[in-house]
Amino acid sequence: MCFFYFHLRTAQGLERDEVGLTCPNLEAAYLDACSSIPMLMAELVDRGHDPSACSFEITDWADQFLMEVPFLERVRRQPKLHRTDVPVLSPETHALVNQLDLLTLAIQREAARLQENMSQARGHVARLSALRSQSGWCFETWSDGLARLAPAVTMEPPSA
């Protein structure tokens with residue numbers, strides 16, 4: 001099995017695939033790209049892209065360019081294969097591949113949401129660190145329960 005990235009090229013630029021997919025070979029990766037194009041077309045139109053100007057750029061695990069799959073490739077009657085030894089998928093297998101594509105897209109969207117949440121969390125931590133350094137307050141370590149401590153002040157015993 002080989003690992004491939006399916007970067008999406010639009011008129012606005014390249015949207016990098018951060019998750020990738022394992023396929024038996026490059027031809028299978030090509031067929032996976034072709035099978036996911038119809039599902040992406042509606043989403044791309046909603047986002048204001050012209051699907052006819054879009055393509056996948058398939059790269060290997062080291063992110064080296066292997067091939068481009070224009071979205072118009074899917075409109076042709078049969079996908080153009082570079083080798084003839086690629087097996088034809090049964091309708092059941094094709095349906096499973098389509099389900100896998102949908103799950104992959106859902107995982108990619110969730111990964112993007114997680115990346116955004118992590119970015120926001122880093123921003124919050126940076127702001128809290130800046131606030132802490134500007135104030136005279138200090139905090140104990142995590143193991144001490146983050147109890148807030150006042151700056152050192154000499155205290156006089158209460159008068160009776």
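The values are calculated or read from the model by the stated rules, or taken from the named source; none is laboratory data. Values in this document were obtained by computation on a predicted structure and should not be read as measured data. Heads up, the Cβs are rebuilt from the backbone with ideal geometry, glycines too, and the neighbour counts pull from every protein chain shown. We work out accessible area using only protein heavy atoms, side chains counted, and drop any ligands, DNA or RNA first. Shrake-Rupley method; radii C 1.70, N 1.55, O 1.52, S 1.80 Å.
Pairs meeting the criteria (first residue in the stretch 109-134 and open to solvent by 90 Å² or more (accessible area, probe 1.4 Å), second residue outside any helix (DSSP H, G or I), beta carbons under 8 Å, at least 6 apart or on different chains) are Gln115/Glu18; Arg132/Cys138; Arg132/Phe139.
Residues that are modelled with pLDDT of 90 or more and open to solvent by less than 40 Å² (accessible area, probe 1.4 Å) were ranked within the stretch 66-82; the one that is nearest to Asn98 (Cα to Cα) is Val69.
Per the conditions (1) free of Cβ contacts under 8 Å to residues at least 24 places away in the same chain; (2) open to solvent by 50 Å² or more (accessible area, probe 1.4 Å), the sole criterion not satisfied by Cys23 is (2).
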